[in-house]
Amino acid sequence: MAVDVTTTDEWQALRKHAEAIRGTHLRELFAADGRRGERLTGDVADLHVDYSKNLVTDETITLLTALAKKVRLADRITAMFAGEHINSTEDRAVLHTALRLPRDASLVVDGQDVVAGVHAVLDRMAAFAQRVRSGSWRGYTGERITTVVNIGIGGSDLGPVMAYEALKAYRDAGISCRFVSNIDPTDIHDKTVDLDPATTLFVVVSKTFSTQETLANANQARRWLLAGMDADDSAIARHFVAVSTNEQRVRDFGIDPENMFGFWDWVGGRYSLPSAVGLSVMLAVGPERFREMLAGYHAVDEHFRTMPVERNVPALLGLLNVWYTDFLEAQTHAVLPYSQYLHRFPAYLQQLTMESNGKSVTLDGTPVTYRTGEIFWGEPGTNGQHAFYQLIHQGTLLIPADFIAFSRPNHDLGDMHDLFMSNFFAQTAALAFGRTKEQVEAEGTPADVVPHRVMPGNHPTTSIIAPKLTPSTLGQLIALYEHIVFTEGAIWDINPFDQWGVELGKVMANQLAPKLTGSTADLGDVDSSTAALIRRYRQQRGR
Ligand code: F6P
């Protein structure tokens with residue numbers, strides 16, 4: 001059995017240190033060190049990361065990096081990049097970093113030339129994307145494709161839709177994408193109701209090609225398409241492509257493997273955007289932009305792979321998250337992009353972070369004795385400011401928050417971007433330093449209102465600034481968070497790459513489905529609550 005990390009000297013030292021600095025205010029830390037705002041920063045590719053407004057001292061960082069060394073973080077990073085089977089419960093390598101290796105790199109894993117395979121698929125995707133974008137790929141009736149509908153869920157949806165939205169300014173071929181994920185029939189209904197089947201291409205994305213939601217939506221899409229064009233099955237080849245690791249199931253569904261783009265079992269769903277799963281994004285922004293995104297990822301991968309922990313930005317941010325979760329009792333972590341185009345980024349991060357680190361046993365199966373996996377959430381600023389920031393400013397919970405922004409806007413309209421960014425700078429300063437009772441009184445505030453207007457401050461934030469939201473900086477941001485997640489998982493000694501917790505619900509839904517349609521009156525051994533709910537449902541549904 002592996003050593004429980006809480007029993008190590010390094011963990012115990014952090015525990016003591018947490019008690020010692022608990023009462024320290026960021027006001028004091030900044031007052032004591034005029035250079036703190038420049039010192040406690042790091043750069044990774046184009047991302048400048050300022051972590052000075054976190055509840056840490058130099059000693060905290062020293063102790064956290066000692067903990068990283070204790071758990072051999074560097075060795076674990078090396079093992080991942082080398083393709084060792086670190087996803088132990090599924091006996092798989094974890095090689096999303098190989099998806100963004102340049103063409104001339106080399107990596108042989110389990111006897112496979114991984115880089116050659118990756119670039120062969122990228123080249124096929126690019127050739128296909130060029131045909132669709134140029135109009136040389138035609139639909140069944142000879143028309144150009146103008147709308148791509150991505151059908152997938154989880155990692156087969158959240159990455160593509162997030163990146164498609166983020167790179168809106170780079171769409172350049174008149175192709176728009178829609179994303180159908182929910183098995184709620186309203187999703188596919190609404191996304192297809194105003195479309196012309198003759199100009200629509202469906203990209204069915206499923207690593208396993210067995211996901212209930214995706215197959216149900218893909219079947220409905222096929223019915224809609226054939227009925228709408230009064231066509232036979234031969235139309236499928238012009239209007240359906242698949243992205244999957246499972247060729248046989250793609251074939252069984254009726255999609256020609258010629259129209260399939262593969263990936264590999266060593267790519268986890270939530271890490272799969274830079275694989276063929278990103279096809280809809282490539283169709284919208286073009287192969288060149290897509291490759292720029294991969295290069296952005298790769299720059300951060302190289303930093304994470306090679307930098308010592310003291311200067312390794314993703315590692316430091318991961319360690320900070322452990323600090324808040326395990327030593328300062330934070331349970332959630334806000335991600336607040338000051339970029340409207342990143343409006344799906346928090347949702348994307350929820351799967352990346354929570355499906356990865358929502359685990360409660362260590363790699364050898366022992367229950368953990370410490371907290372793992374924060375709740376990630378957020379909305380773009382400034383909208384969030386007028387909704388939930390009140391609780392961050394004056395509530396009783398500790399909520400570390402990441403503020404993400406870009407110096408140059410994608411659309412420069414007068415001084416609007418400067419006004420926007422003034423909010424970004426103001427919020428992190430207000431959260432850190434607040435407003436004291438004395439300051440509020442000095443403004444002539446009535447005595448009974450003073451306590452309500454005092455802003456306690458001392459709320460930790462990390463500011464991440466890049467020059468501009470581009471395909472490259474988007475790739476960098478995603479890789480940054482991937483490696484933050486990895487670092488946390490390493491400290492917690494859990495497996496961030498499986499997701500057994502979502503399986504039970506899937507199995508039970510499949511068992512319950514026949515009981516809802518009315519064909520099976522007998523509810524069998526369903527518990528009394530669920531049985532009563534199903535009876536009510538059937539009655540109201542007229543089953
Ligand atoms: O929700 C569980 C999950 O397995 C995710 O990890 C995955 O991204 C999603 O389902 C979709 O899976 P697939 O791509 O195989 O359809």
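Where in region 491-534 does the label zone of Thr369 land, with the point 7 angstrom along Cα→C-beta and an amide N cut-off under 15 Å? Flagged as within label range: 492-493. Rg/Rh for region 501-541 stands at 0.98; both radii use Cα atoms, and Rh follows the Kirkwood definition.
Phi angles across region 484-494 convert, under the Karplus curve 6.51 cos²θ - 1.76 cosθ + 1.60 with θ = phi - 60°, into 3J(HN,Hα) values of 4, 4, 4, 4, 4, x, 5, 4, 7, 6, 10 Hz, Gly and Pro given as x.
The smallest convex shape that holds all Cα atoms of region 103-289, its convex hull, gives 111 Å³ per residue. Amide H contacts for Thr41 (H built 1.01 Å from N in the peptide plane; partners 5 or more residues away or on another chain; cut-off under 5 Å): Tyr51. The simple spin-label model puts a point 7 Å past each Cα toward its Cβ; for Val449 and Thr141 those points are separated by 6.5 nm. If R0 is 35 Å, what FRET efficiency do you get for Thr199 and Gln248 from their C-beta distance, rounded to 0.05? With a Förster radius of 35 Å, E is 0.70. For region 243-253, backbone phi angles converted through the Karplus equation (6.51, -1.76, 1.60; θ = phi - 60°) give residue-by-residue couplings of 10, 6, 9, 10, 4, 4, 5, 4, 4, 4, 6 Hz, Gly and Pro being listed as x.
The phi-based Karplus calculation (6.51 cos²θ - 1.76 cosθ + 1.60; θ = phi - 60°) puts the 3J(HN,Hα) values of region 228-233 at x, 10, 6, 10, 9, 4 Hz, whole numbers, x for Gly and Pro.
The stretch between Asp230 and Asp58 holds 55.0 nm of extra length on full extension. This uses 0.36 nm per residue minus the Cα-Cα distance.
Helical content alone sets the calculated 222 nm signal of the chain at -13500 deg cm²/dmol, taking -39,500 (n - 2.57) per DSSP H segment of four or more residues and averaging over every residue. Rounded to the nearest 20, the size of the Cβ-charge dipole of region 103-289 about its Cα centre is 340 debye, with Lys and Arg at +1 and Asp and Glu at -1.
For Cys177, the amide hydrogen comes within under 5 Å of the amide hydrogens of Val148, counting only partners 5 or more places away or on other chains and with H modelled in the peptide plane. Convex hull volume of the Cα atoms of region 274-383, normalised per residue: 150 Å³. Straight-line reach from Lys207: which lysines have Cα under 24 Å away, leaving out those fewer than 8 places along the same chain? Leaving aside lysines fewer than 8 places away in the same chain, those within reach of Lys207 are Lys191, Lys359, Lys506.
Volume per residue of the convex hull around the Cα atoms, evaluated for the chain, comes out as 196 Å³. Between the listed residues Met293, Val243, Ile175, the Cα displaced farthest toward the positive end of the dipole of the chain, a dipole computed from Cβ unit charges relative to the Cα centre, is found at Ile175. Distances between placed amide hydrogens fall under 5 Å for Gly378 paired with Val335, all partners being 5 or more residues away or on another chain.
With the cut-off at under 15 Å, measuring from each backbone N in region 302-318 to a point 7 Å along the Cα-to-Cβ line of Ala66 picks out 310. Label-to-label distance for Met508 and Ala387 is 2.9 nm, based on points extended 7 Å past Cα in the beta-carbon direction.
Find how many whole Å separate the alpha carbon centroid of region 265-292 from the alpha carbon centroid of region 1-28. That distance is 40 Å.
Dipole of the chain, Cα-centred, from +1 at each Lys and Arg C-beta and -1 at each Asp and Glu C-beta, to the nearest 20 debye?
It works out to roughly 840 debye.
Relative to the dominant Cα principal axis of the chain, helix 416-433 is inclined by about 50°.
Relative to one another, the C-alpha centroids of region 487-543 and region 395-453 are positioned 44 Å apart.
Here, each number is a calculation from the coordinates, and none is a lab measurement. On a predicted model such as this, the values are computed, not experimentally measured, just so you know. Reconstructed Cβ throughout: ideal geometry from the backbone, glycine too, with neighbour counts over all protein chains shown.
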